[in-house]
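Everything on this sheet refers to the single structure shown next.
The values are calculated or read from the model by the stated rules, or taken from the named source; none is laboratory data. Everything numeric in this text was worked out from a predicted model, so none of it was measured. Glycine gets a Cβ as well: all are built from the backbone with ideal geometry, and neighbour counts include every protein chain shown.
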Amino acid sequence: MSNRKPAEVFPPGEFIKEELDARGWAQEDLAKILDKPLPTVNQIINGKRTIIADTAKRLAAAFGTSAQFWMNLETTWQLAQQPEAPGTERVRSRARLYDIAPIREMERRGWLRKTTTFEELERELQRFFAVASLDDVPGLAAAARASIQGEYAGMTAAQWAWCRRACQVAQAVNAGRFARCKVERAVGDLRPLMSEPTEVRHVPKVLANAGIRFVIVEHLSHTKIDGAALWPSRTKPVVAMSMRYGRIDYFWFTLLHELAHILNQDGQQADVNLFEMSNSVDEAERIANNQASRWLVAPNKLESFILRTTPLYSTQRIRNFAKKMGVHPAVVVGQLKFRNELDWNQYGRLQQIDVRAIIQNAAMCDGWGHAAPILD
């Protein structure tokens, strides 16, 4: 909104005077036309009486204008005469706090302590974001998969808060020393886990051995964030997932997408939801998409399967190919859909394997009625 004010504001009486002069009317004439006492008309013209709705309608009828025109003139004049109301600045400051973060939901989730005063709430936000002043809220290095674009390096305030919470939760995760060369090795260790849903429980340990902290944080309302590669420091990367969807192919593709960001040391940008198949992804996202796809199924093997099979896909053929590749059939279906080989409503039953509960029980998790322990 604009805070600009008109250079000069005139009382409605000035406009009435101009109309009277243009028509050659006297105040007495106008009083008779409006059926109002002369003293009342005189007070309105001299700015000593406000124009009410009834008078505005009569002026509109007399001068061929609208009643809204006269009400607007009166309101603008009255506002111009009033100093800023007491407490207006505090209202503005409180509104800014609610712009910075989704306060109510963060309090409900236990991310913020419930407060009773504006000053307490401000201190809570400073504590949450670990800043001395809310003017210093930093840009968290992140490459987050989300379908909404906004502030803070491409993220909305709620997405920003989610990433911050993920970094807080990750502090309680023990992990080895990180080295970029360990990422590819970790992916190799993950490969044998991709065929059976229950094997996802080993993911946190595999990543911890590579120096990557893995956490699950339930998404905040309207964020649509699925996962993020976070860098609270250059030696302690975090892979965070929201598990908005529990499908096994969704889990593996999102996880590997974020690992690609870690490998490429991406950050400071928001990722578009990959399952929306957006054509507007940037170069870092395109690279991460392709890297995740290569890690899931070797491109040459997938292309060979497509050439041999299209368009005669079947459940059994997909199962057989998935077994050869050492992945769950849902992963193959997901990759075929990603390449537009299948419609998004085809072979959905193969994808209906939910691993949400399995990974939540195995990882450091925040949400769904539970607040993860946070290290001071």
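Values computed for the structure shown
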read-out: Residues of segment 105-137 satisfying the condition of being within 20 Å of the chain's Cα centre (by Cα), in a helix (DSSP H, G or I) and among the hydrophobic types (A, V, I, L, M, F, W, C); value: M106, L125, F128, F129, L134
read-out: Test: residue in segment 349-365 that is farther than 28 Å from L220 by Cβ and either assigned to a helix (DSSP H, G or I) or outside the structural domain of V200 (by TED's automatic domain parsing) (or both); value: yes
read-out: Residue satisfying all of: in segment 16-26; in a helix (DSSP H, G or I) and not β-branched (V, I, T); nearest to I45 (Cα to Cα) among these; value: K17
read-out: Any hit, segment 317-327, residues being at pLDDT 90 or above and closer than 24 Å to A208 by Cα; value: yes
read-out: Checking L312 against (1) of a type in the set (A, V, I, L, M); (2) assigned to a helix (DSSP H, G or I); (3) more than 20 Å from L256 (Cβ to Cβ), the condition it does not meet; value: (2)
read-out: G13 being touching a Gly at 6+ places or on another chain (Cβ under 7 Å) and part of a loop (DSSP other than H, G, I, E, B); value: no
read-out: Wholly enclosed helices (runs of 4 or more DSSP H) of segment 50-104 bearing at least 2 residues crowded, with 16+ Cβ neighbours inside 10 Å; value: 53-63, 67-81
read-out: Which numbered condition A186 misses (of (1) modelled with pLDDT of 95 or more; (2) out of contact with any helix residue (DSSP H, G or I) (no Cβ under 8 Å at 6 or more places or on another chain)); value: (2)
read-out: Segment 282-308, subset among the polar types (S, T, N, Q) and either surrounded by 18 or more Cβ atoms within 10 Å (Cβ to Cβ) or at pLDDT 95 or above (or both), residue farthest from H261 (Cα to Cα); value: S304
read-out: Set S304, S293: member being small (G, A, S) and closer than 30 Å to V169 by Cα; value: S293
read-out: So P311, is it more than 24 Å from G188 (Cα to Cα) and either surrounded by 16 or more Cβ atoms within 10 Å (Cβ to Cβ) or modelled with pLDDT under 95 (or both); value: yes
read-out: Those residues of segment 221-241 which are surrounded by fewer than 24 Cβ atoms within 10 Å (Cβ to Cβ) and either in contact with a Phe, Trp or Tyr (Cβ under 8 Å, 6 or more places away or on another chain) or without any contact (Cβ under 8 Å) to a residue 40 or more places away in the chain (or both), in sequence order; value: S233, R234, T235, K236
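A quick yes/no check of all residues on (1) farther than 24 Å from I248 by Cα; (2) at pLDDT 95 or above; (3) assigned to a helix (DSSP H, G or I):
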site: A143; (1), (2), (3): no, no, no
site: S147; (1), (2), (3): no, no, no
site: W162; (1), (2), (3): no, no, yes
site: C167; (1), (2), (3): yes, no, yes
site: V173; (1), (2), (3): no, yes, no
site: F178; (1), (2), (3): yes, yes, no
site: S195; (1), (2), (3): no, yes, no
site: E199; (1), (2), (3): no, yes, yes
site: K205; (1), (2), (3): no, yes, yes
